[in-house]
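Novice: Got a structure here, written out as structure tokens. Questions coming.
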Amino acid sequence: MKKQFAVIGMGRFGLSVAQTLHELDYEVLAIDKDSERIQENMNLVTHVVQADSTDEMALKSLGIRNFDVVVVAIGQDIQSSILTTLILKELGVETIVVKAQNQLHAKVLYKIGATKVVFPERDMGARVAHNLVTPNILDYIELSDEYSIVEIIASEKLAGKNLVELNIRARFGCNVMAIKNQDQINIAPSAKDIIHEGDIMVVIGHNNDLKKFQDFVMNGKR
């Protein structure tokens, strides 16, 4: 049985999450206390409901505890975000993903039971910055303060060599998780797989090690 999702808060982030899940053919309940937002988006997800998420009885009546994942995408109202998260936890929602405004907000959310906290603006800002300064980087995902995953376009310096010859793990402390090209994606590539110029390498590692590898790919620096 497919997971069921509820998204609370139909701002830009919440709407994007709800729409994407709906397009992926998941059942999505969208909740917002603003009637105009509900009217605007009623055809974009499975169900839309006008409700105040800080009202425990309102959430109970929606059967919120029956949803596998609830995303709290409330914008600037930190108090409502915290209270909603607390109510969801007390009602027994298994997985609660919450948008945070800052680190202090995130710390409180984790303390009261949030499963995962996301920083959409900060994360997108980091991705854009990495793309601006390193043209070879297509995508950047921060796993923690110290570790990340990057998608790096293989330069001419890597072309024609296999992973044994490049010895990325020993030289840079990074692991190549996958190699993508126009035709296919190679998950968990073998040591003898050849890298071609323009291939996209999905690499995981410590941020310092990834920086060294990026410098090598761009400039041949070790």
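We did not get these values from a lab; they are worked out from the coordinates using the rules stated. All of these numbers come straight from a predicted model, not from anything done at the bench. Positions of Cβ are backbone-derived with ideal geometry, glycine not excepted, and every protein chain shown enters the neighbour counts.
Novice: Could you work out how far apart the two model spin labels at GLN184 and GLN50 are, taking each label as a point 7 Å from the Cα in the direction of the beta carbon, and quote it in nm?
Specialist: It is 5.4 nm.
Novice: Amide H neighbours of ILE74 under 5 Å, counting only residues 5+ apart in sequence or on other chains, H built in-plane at 1.01 Å?
Specialist: Excluding prolines and chain starts, which carry no amide H, the hits are LYS99.
Novice: Using the alpha carbon gyration tensor of the chain, what are the three equivalent-ellipsoid semi-axes (square root of 5 times each eigenvalue), largest first, in whole Å?
Specialist: After diagonalising the Cα gyration tensor, the semi-axes are 41, 18, 15 Å.
Novice: Rounded, prolate or oblate for the range 73-195? Axes are the square roots of the Cα gyration tensor eigenvalues, ordered a ≥ b ≥ c, and the cut-off for rounded is a/c under 1.5.
Specialist: prolate
Novice: Return the long-range amide H neighbours of VAL48 (sequence gap of 5 or more, or a different chain), with a cut-off of under 5 Å between placed amide H atoms.
Specialist: The answer is ALA30.
Novice: Test of understanding: what is the full-extension gain from LYS116 to ILE194, defined as 0.36 nm times their sequence separation minus their Cα-Cα distance?
Specialist: The LYS116-ILE194 span can extend by a further 24.3 nm.
Novice: Still on this structure, I have one more. So how strong a dipole does the range 5-121 carry about its Cα centre when Lys and Arg Cβ are +1 and Asp and Glu Cβ are -1, to the nearest 20 debye?
Specialist: Here the range 5-121 has a charge dipole of around 460 debye.
Novice: Right, next: By DSSP, what percent of the beta bridges with both residues in the chain are antiparallel, rounded to the nearest 5?
Specialist: So the antiparallel bridges amount to about 50 percent of the total.
Novice: How far is helix 12-23 tilted, in degrees, relative to the longest principal axis of the Cα atoms in the chain, given as a value from 0 to 90 rounded to the nearest 10?
Specialist: So the helix axis and the longest Cα principal axis differ by about 80 degrees.
Novice: Going by average Cβ neighbours within 10 Å, how do the peptides 68-76, 37-45 rank, with the highest at the top?
Specialist: Peptide ranking by packing, descending: 68-76, 37-45.
Novice: With the Cα gyration tensor of the range 161-206 in hand, give its eigenvalues times 5 under a square root as the equivalent ellipsoid semi-axes, listed largest first in whole angstrom.
Specialist: Semi-axis lengths for the range 161-206 are 17, 12, 9 Å.
Novice: Let me ask another. Work out Dmax and Rg for the range 134-219 from the C-alpha atoms and quote the Rg first, both in angstrom.
Specialist: In Å, with Rg to one decimal and Dmax whole: 11.7, 34.
Novice: May I have the convex hull volume per residue, in Å³, for the Cα set of the range 1-126?
Specialist: Per-residue hull volume (Cα only) is 102 Å³.
Novice: What pairs from LYS3/LYS107; LYS33/LYS107; LYS3/LYS192; LYS2/LYS99; LYS107/LYS180 go past 31 Å between their alpha carbons?
Specialist: Result: LYS3/LYS192; LYS107/LYS180 exceed 31 Å.
Novice: Output the peptides 181-193, 2-14 sorted from most to least packed, where packing is the average of other Cβ atoms within 10 Å over each peptide's residues.
Specialist: Highest-to-lowest ranking by the protection proxy: 2-14, 181-193.
Novice: Measuring from centroid to centroid over Cα atoms, what is the spacing of the range 24-44 and the range 174-222 in Å?
Specialist: With the range 24-44 and the range 174-222 each reduced to a Cα centre, they are spaced 40 Å.
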